1. Which residue out of A:Asp307, A:Asp312 is assigned to a loop (DSSP other than H, G, I, E, B) and surrounded by fewer than 19 Cβ atoms within 10 Å (Cβ to Cβ)?
2. Given the condition within 14 Å of chain A (Cβ to nearest Cβ), in a strand (DSSP E or B) and in contact (Cβ under 8 Å) with a residue 24 or more places away in the chain, answer yes or no: does some residue in region B:2-9 qualify?
3. With A:Ala220, A:Ala152 as the choices, which residue is in contact (Cβ under 8 Å) with a residue 40 or more places away in the chain and not polar (S, T, N, Q)?
4. Filter region A:360-374 down to the residues that are surrounded by 23 or more Cβ atoms within 10 Å (Cβ to Cβ), in a helix (DSSP H, G or I) and among the small types (Gly, Ala, Ser) and list them by number.
5. Among the candidates A:Asp75, A:Asp101, which residue alone is over 30 Å from A:Glu331 (Cα atoms) and open to solvent by 60 Å² or more (accessible area, probe 1.4 Å)?
6. Could you please give the count of residues in region B:53-76 that are in contact (Cβ under 8 Å) with a residue 24 or more places away in the chain and within 8 Å of another protein chain (Cβ to nearest Cβ)?
7. Residues of region A:175-188 being part of a strand (DSSP E or B) and surrounded by fewer than 23 Cβ atoms within 10 Å (Cβ to Cβ), which ones?
Amino acid sequence: MSALLEQLAPEAALAEDRYADIRRRAHQRLMQHGFPDLKTEAWKYTSLRLLEKRELGSGQGESAGAPEALPFAADVIHFDGGVLRNPPAELPTGVRLEPLDPAELVNVDYGDRAGAMAWLNLARFEQAWRLVIESTLERPLVLALTMPAGFATAVHPRLRIDVATGAEAVLIEQQHDEGAGLVNIVEDIELQRGARLRHVIHRRNAESIWVQRTRVSVSADADYRCHALELAGRLVRQDLAVHLLEQGANGEIDGVAFIDSGQHVDWHTAIDHEVGHTTSREAFRIMADGSGVGVFNGRIHIQRGADDSHSDLNTANLLLSDKARINIKPELEIYAEEVTASHGATIGQLEDSALFYLRTRGLPTEDAMALLKFGFAAAPLETAEPEVVRNWLIEELQAVL
Amino acid sequence: MLKINNLHVVIGDEEILKGLDLEIGPGELHAIMGPNGSGKSTLGYALAGRDGYEVTDGSMEFEGEDLAEMEPEERAAAGLFLAFQYPVEIPGVNNAYFLRSALNAQRKARGEEEVDSMNFLKTVRASLKSLKMDEALLKRAVNEGFSGGEKKRNEIVQMAVLQPKLAVLDETDSGLDIDALKLVAEGINAQRDGKRSFLVITHYQRLLDYLTPDRVHVLSDGRIVESGGEELAERLEAEGYAFLEETSEA
């Protein structure tokens, strides 16, 4: 993998700006650990060998043009080709966007090779932004990240998002990649006391390798809710770690992934109850058709002393063909007293009896199957708020079935 | 309307229907009664076209067309409806959406225009009201979390919306309390217009107290062994199915 390293992160190419020392340090760590392989537990089902096969060029990607219009009013910050070319002239009231202070990055640690892609991001990022939501937003804020069809390089977007005390926001990551490069995102989200964030991830990719590491910290009485519609791509790896840091913190993840032939999607989620009197809930569904491969790893960690924590994890999965594969692993690690932690995991197929029932009502087989798939996949999206966003997600799902 | 001739149906290796004959004319309501395992539900599924129910001999003609040649959805579009003994839950699909999709799929297959949504809702609401079902049910997933009685009544709602020419009701009365039973019977009677036909499959006579069957048939071991008027149902209720053995011995 050293050739890969040289290709993706040539030391000579490191930019000399105020982040230079940080990049050098990250580069060294990456050299030290190398990239994960299938023996690395967290990457057991997802190989990065595709990276080696791709000869990714260097340099900034091209512009992808405007992101797809949304059927509701929203403010948009567009990371065009993975970078913020023109910081928006006007941001909504209560939103601030500024370059991230290098001091914030001095002590970050992504561990060993399992965290290689995050180290790679830190070694190669061009821009690092800090988005501050200072007060409650009136309408959804969209972070659109679009990559054009000709995209064949690597981009390493880096973002820190702070939601201030008591602020409420709906943040939509609208990610659309038509290219065949590498998008390697690291984002850190912090919810201050009493903050509420609805975090929507809507992703649809083509041939790119897309790796995203999202870390969420939730303070006292703050409420983080993720709603994900993963419409897949050649290779997608999403790590989403939610840390419940103080009493009253709540974290919820609802997501659905629809995977077809030639696509591989791996969602690794972790909810960490670091103190007691915290709550979490997760419902994730994968539907795999053709030769599609899905991976879901859902970890719930209730730390020692985090008494009176409550957690529920559920994953239901649907195999739509004989060649599709789904690997699921719910992991519960509980070291505290008086907790409730329930979990359920299923993998099944469309039920013949349901298909027959719909056909006796007049629906042709294909329509009946689409309706059953929709019924299965739409469930996690039903919790999304506000209604306009929920309806949009459901329509986007319906469009691909 | 329906002409079944010497019907043999095999499930797996086992022959369940062994030469069944039945003819139902337009506007008629027939009841089929019989003990458990006599083949009542098999008849319903065979008519609707369930996979694995293989017709090995005989014929099923519906308005002159050979049912065995048609897919389940084609049978539905032609006007055949089966109310299931155990209606299937369809999680995540709301009733209103399901019903409208089904109705429009049938209309499309018949070359008719899509239903106007106002008219559609009007029909559904009227039907729900007559069956004393909550309108909120329209927004709930099909049969999910419904009580046994609600599921059965929901089948009747579907029948009222889809307006079939022939409705086959497979033990729609089982598991219903007397009030629900009356509502279901009223739902069926409301659809009787002199043209539409019904085949009511039941284990007990009590539903027939509220319907007026033109013919009652007794199914035993895959064949119709006895046919008659309403009095046959009453006799079955009084004597049980034991008399069948006497009949076959005689």
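1. A:Asp307
2. no
3. None of the other options fit; the residue is A:Ala152.
4. Within region A:360-374, A:Ala368 is the sole residue that qualifies.
5. Going through A:Asp75, A:Asp101 in turn, just one is over 30 Å from A:Glu331 (Cα atoms) and open to solvent by 60 Å² or more (accessible area, probe 1.4 Å): A:Asp101.
6. 4
7. Selection gives A:His176, A:Glu187, A:Asp188.
Residue-wise test of (1) under 18 Å from the mean Cα position of the chain (by Cα); (2) more than 7 Å from chain B (Cβ to nearest Cβ); (3) more than 19 Å from B:Ala109 (Cβ to Cβ).
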{"site": "A:Arg359", "(1), (2), (3)": "no, no, no"}
{"site": "A:Leu363", "(1), (2), (3)": "no, no, no"}
{"site": "A:Ala368", "(1), (2), (3)": "no, yes, no"}
{"site": "A:Lys373", "(1), (2), (3)": "no, yes, yes"}
{"site": "A:Leu381", "(1), (2), (3)": "yes, yes, yes"}
{"site": "A:Glu387", "(1), (2), (3)": "no, yes, yes"}
{"site": "A:Ile394", "(1), (2), (3)": "no, yes, yes"}
{"site": "A:Gln398", "(1), (2), (3)": "no, yes, yes"}
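The values are calculated or read from the model by the stated rules, or taken from the named source; none is laboratory data. Remember, it's a predicted structure, so these values are computed and weren't measured experimentally. Please note: Cβ atoms are built from the backbone with ideal geometry, for glycine as well, and neighbour counts cover all protein chains shown. All accessible areas refer to the heavy atoms of the entire protein, side chains included, with ligands and DNA or RNA removed. Shrake-Rupley method; radii C 1.70, N 1.55, O 1.52, S 1.80 Å.
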